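Notes follow once the structure below has been shown.
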Amino acid sequence: MISVDRRQVLIGSLALAVAGCGRSMRETLFGTDTHPADYPTVRAFRRFGDLIEQRSGGRLVLKLFPGGQLGAERDTLEVTSFGGLDFNRVNLAPLNSIEPLTTIPSLPFLFDSEAHMRRALDGAPGRQVLASLEKHDLVGLCFYDSGARSFYNTRRPIERPEDMSGMKIRVQNSDLYVAMIRALGADATPMDLGEVYQGLVQGVVDGAENNWPSYQSGRHYEVAPYYSLTEHVMAPEVLLMSKTSWDGLSPTDREIVLESARDSVPYMRDLWDARVAQARGALIAEGVKVNAIDPGPFRERMLPVWEQFVRTAEERALVEAIVAMGGGNA
Ligand code: GTR
């Protein structure tokens, strides 16, 4: 019996639909996001869709597939780069193996606050990272927030790096994340987001790391109730367009797409701040055990990882530019 993967079929027919689309008339553009429909990235992505539709007088229409329906980020990313999908919203992590500059905003303890992160991404460093994607057949449209990632696990509160010794921690598919976990003395297990809940239940992993909204929406807190506020990474999300699709747009439509993406960012940030507060409050009320940590020992263990990933003059200059934008919360 031949087993057919539904996702392959869906992606295959999308690719055909995209390839067969006339470029002059009403055009349906396909997008994907791993999160469910009510998640801030998906809501902002929809707002972006509404804006391109309005501003093009109904010519450009976004058809969005949320909830990881089309597969894990690293797979849909590949499909996007060869033009089988028009838009994709991913975290920077799955791009780390494709473009080294995307590793820089993902470095541990790089940003001193969310305000610093937003400032850097809105400025020249952010533009440089987005532009670096073009040679990989991807057009970086804008960044969305992802807040700060902290560790959570099934066993005990993590107060010091030593508490993580021997723990198996799920990470995204990125060498940087593997290196960070090893630097803390734990074992890194790269795994797609959709497998983490089951991985925690079955003990394949003891913990993972993520922001409050993802910890909530993936229901990971049900099995891993110890959330330790390490806030070690503030790697943002990015909204991408396939370069093939971009090249098929008129200059006017490209402008509409770019402006609409940028205009969806303030909306996303408001949704994000509200969602972080809601998730934190709801999960604490549910009995999640949150603990503060002293960041000193975590920073000390994780900072040497920078050496491993900041190698070229361009990478060093980008780090310096970001660090120089720190200080103060305004
Ligand atoms: C979330 C992020 C997703 C994905 C996920 C993960 O915070 O929004 O795009 O990267 O983390 O850990 O896989």
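The values are calculated or read from the model by the stated rules, or taken from the named source; none is laboratory data. For clarity, every value in this text was computed on a predicted model and none was experimentally measured. FYI the Cβ positions are ideal-geometry reconstructions off the backbone, even for glycines, and counts take in every protein chain you see.
Among the residues of segment 141-182, those that are in contact with a strand residue (DSSP E or B) (Cβ under 6 Å, 6 or more places away or on another chain) and among the small types (G, A, S) comprise S146, A148, S150. Scanning segment 186-243 for residues that are in contact with a His (Cβ under 7 Å, 6 or more places away or on another chain), more than 19 Å from I293 (Cα to Cα) and crowded, with 21+ Cβ neighbours inside 10 Å gives V196, L200. Listed by position, the strands (runs of 3 or more DSSP E) inside segment 76-183 whose residues that are touching a residue at least 40 places away in the same chain (Cβ under 8 Å) and more than 15 Å from the chain's Cα centre (by Cα) number at least 3 are 149-153.
Identify all residues within segment 80-98 that are within 16 Å of the ligand (Cβ to nearest atom) and touching a helix residue (DSSP H, G or I) at 6+ places or on another chain (Cβ under 6 Å); write none if there are none. The answer is L85, N88, R89, V90, L92, P94, L95, N96, I98. The single condition among (1) surrounded by fewer than 16 Cβ atoms within 10 Å (Cβ to Cβ); (2) over 24 Å from P94 (Cα atoms) that V290 does not satisfy is (1).
Residues checked against (1) within 20 Å of S97 (Cβ to Cβ); (2) near the ligand (Cβ under 9 Å from one of its atoms); (3) at pLDDT 95 or above:
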{"site": "V196", "(1), (2), (3)": "yes, yes, yes"}
{"site": "G203", "(1), (2), (3)": "no, no, yes"}
{"site": "N210", "(1), (2), (3)": "yes, yes, yes"}
{"site": "H220", "(1), (2), (3)": "no, no, yes"}
{"site": "V223", "(1), (2), (3)": "no, no, yes"}
{"site": "L229", "(1), (2), (3)": "no, no, yes"}
{"site": "V233", "(1), (2), (3)": "yes, no, yes"}
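Inside segment 167-194, residues that are touching a helix residue (DSSP H, G or I) at 6+ places or on another chain (Cβ under 9 Å), among the aliphatic types (A, V, I, L, M) and within 15 Å of the ligand (Cβ to nearest atom) make up a count of 8.
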